[in-house]
Structure formats: structure tokens, C-alpha cells
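Worksheet for the structure shown next.
Bear in mind these aren't lab numbers, they're just calculated from the coordinates by the rules spelled out. What you see is a predicted model; the values in this text were computed from it and never measured. Cβ placement follows ideal geometry from the backbone for every residue including glycine, while neighbour counts extend to all protein chains displayed.
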Amino acid sequence: MTELATRVVRDDPEAASGSATALLRTVVGSVLRPIGGWMSAAGAVRLMDALGVPAATARSSLARLCARGVLRREPQDGVAGYALDPAAVPMLERGDARIFGERVEASRWLLLSLSFPERARGSRDRLRRRLAALGCGTVADGLWIAPAALEAELTSAVSTTSADVHPSGSPVVAMFADAAPRGDLAAGLARWYDLPAIRAAHESFLARFGDLPHPLDDAQAFATWMRALDEWRVIPYRDPGLPAAALGPDWPGAASAKLFRRLRADLEERAVSHAAAVAAPDRIPVSAR
């Protein structure tokens, strides 16, 4: 696998939530760094068991994240375990900024025009999926719109794709930043974005986590926070700060963001404490496994 391919798979904003591998990515991204960047193999399996993931499935997911350059196998003191791959840290930090960053509604926008030669169709399709996953709306074939705050992320995505294409087939890219759409913004957003799907994501999060009983112990706090975080983490990509004023008074974006902040304040510290206790080395030698 080339370095470029490894980078693209590792940094995967298209990853859906809910699967065993997605849950493990959420665990790795949220608790592995605070507990020192390493967890025992047995501890990782126990953490996933708390999320309803069978041991065999958890081990398969661990292998997938190793293959994708997120984790690497690393025994410590004779105990089998997994460490965060240092090359994955920038990806996790970018995710932190989007997932935990202050929600800012877009007031300025950028337009991104792309033209690929036919021989680069595969790269074109991959970039289209990536732009959509990063929060771009589609204005027309080859023309995208996004909040101006996404400029750095989109520039990086375009640069990565361009590097994957032979110079003779490189895309023609034009980015027009700090644009102010004229006319009916509400009608424009309805054309550019799948607003029913974005609304459904917000409402699902509110319905699933809005009235949960307070966890009695840290294990329950861990399970609740991991599932809430796993469902939330895709929402700031689908809704990258769409302005509520143009979406109607019942738009659920602000309510779901408020709920997420409350859940984080209530659960995150307890979840990390539980993960640290469970994933500590149990000192069973690798040879005895």
C-alpha cells in the first residue's frame, strides 16, 4: 500500500457510525490518548464488550484499525497490546476540532470548481465523496459550496487528490472564498444539501440521548458516552454550521449541539477513568495467550 493510500484510509470522514469498527475508532479517538496512548489487548476487548461487541468481532476490528494505520500492535512488559500510531494523531486532532469545536453558523461561503479529465474519473469520484463527507453542498456538476470555515480542510483534500493524479491528468481547481450568496438562502440550502437527512440525524440524536437516566457507575458512563459520541461525530460533518435562520425556527441543530455538550460534561471524565482502569495491563505474558 502506498503512503498516499494509507493516508486516505486513515483519515476517513466518510466512516459511518454504529458498526463495531466505527465504535472502536470512537474509543481510540476519545480515550486512548488521555490514558497514555496504549491499551492491553484484553482490555480493548473488554471495553468493546461493554458496547455489546463480541470478542471475535472486537479482535477483527482491532486488526482493521492496524491495517488502516490507526493502531499498531505493541506489547509492553510482555503484555499484548495496541498503541496509537503516531501518524494517526493529526487525523484525530482534525476530528477533535470538528467534533468538539464551537459550533459556528456560516455567514460567508466558498465555491469550489473542479474539472477532471476523463482518464482521472476514479480520482474525481473519490474527491466528490470526500467533499460531500467534509460538509460541501452540490451547486451543479463540478461546482461545490461550503462554509468558508472549511477552506483549510477542503484545500487539503484537493491537494491530496491532486497528488494522486499524474500531472498530465491533474484536475483544474478554482476556489472562490468569502462569497456571500444572494437571493433566497433557504431555497439554496435546500438545493445544495440533503436537509431532510441532516434533520433526521439531529432528531435521531435528540431522541436517543435526550432522556437517558443518569449512569449509576463509570462503566455505564463509558458505554453511554461512547455510543453518544459515535452517533454525534458524523453530524458536524453533515451539518457544517448551516445557518438556522435560513432553516426555520424548528431546525434541531442548536438543540442537538446543546445536548452533546451536556453529555460530554456529564460523562467524558468518567468514561476516561473507566477506560484507564479496564485497559491497564493485566500482565499476562504474550506467550501465555
Original post:
Once fully extended, how much extra length lies between residue 93 and residue 121, figured as 0.36 nm per residue of separation less the alpha-carbon to alpha-carbon distance?
Top reply: 7.0 nm
**OP:** Report, by chain and number, residues whose modeled amide H sits under 5 Å from the one on residue 74, excluding near sequence neighbours (fewer than 5 apart, same chain).
**Re:** 81, 82, 83
Original post:
What list of ³J(HN,Hα) values in whole Hz, one per residue of the range 62-72 in order, does the Karplus curve 6.51 cos²θ - 1.76 cosθ + 1.60 (θ = phi - 60°) give from phi, with Gly and Pro shown as x?
Top reply: 4, 5, 5, 5, 5, 5, 8, x, 8, 10, 9
Subject >> Positive minus negative residues near residue 199 (Lys, Arg vs Asp, Glu; Cβ under 14 Å) >> reply: -3
Original post:
Between residue 214 and residue 190, what is the label-to-label distance in nm when each label sits 7 Å out along the Cα-to-Cβ direction?
Top reply: 4.4 nm
Original post:
Working out 0.36 nm times the residue gap between residue 273 and residue 64, then minus their Cα-Cα distance, what length gain in nm do you get to one decimal?
Top reply: 72.7 nm
Subject >> Radius, Kirkwood style, for the range 193-271 when every pair of distinct Cα atoms is counted (Å) >> reply: 13.1 Å
Subject >> Virtual spin-label span in nm between residue 266 and residue 254, 7 Å along Cα→Cβ >> reply: 2.1 nm
Original post:
Does the range 24-78 classify as rounded, prolate or oblate by the C-alpha gyration tensor (a ≥ b ≥ c root eigenvalues; a/c under 1.5 gives rounded; else a/b over b/c gives prolate, otherwise oblate)?
Top reply: rounded
**OP:** Would you mind computing, in nm to one decimal, how far apart the modelled labels at residue 138 and residue 55 are, each placed 7 Å from Cα along Cα→Cβ?
**Re:** 4.6 nm
Original post:
Amide H to amide H, which residues 5 or more places from residue 139 or on other chains are under 5 Å from it, using H placed in the peptide plane?
Top reply: 144, 145
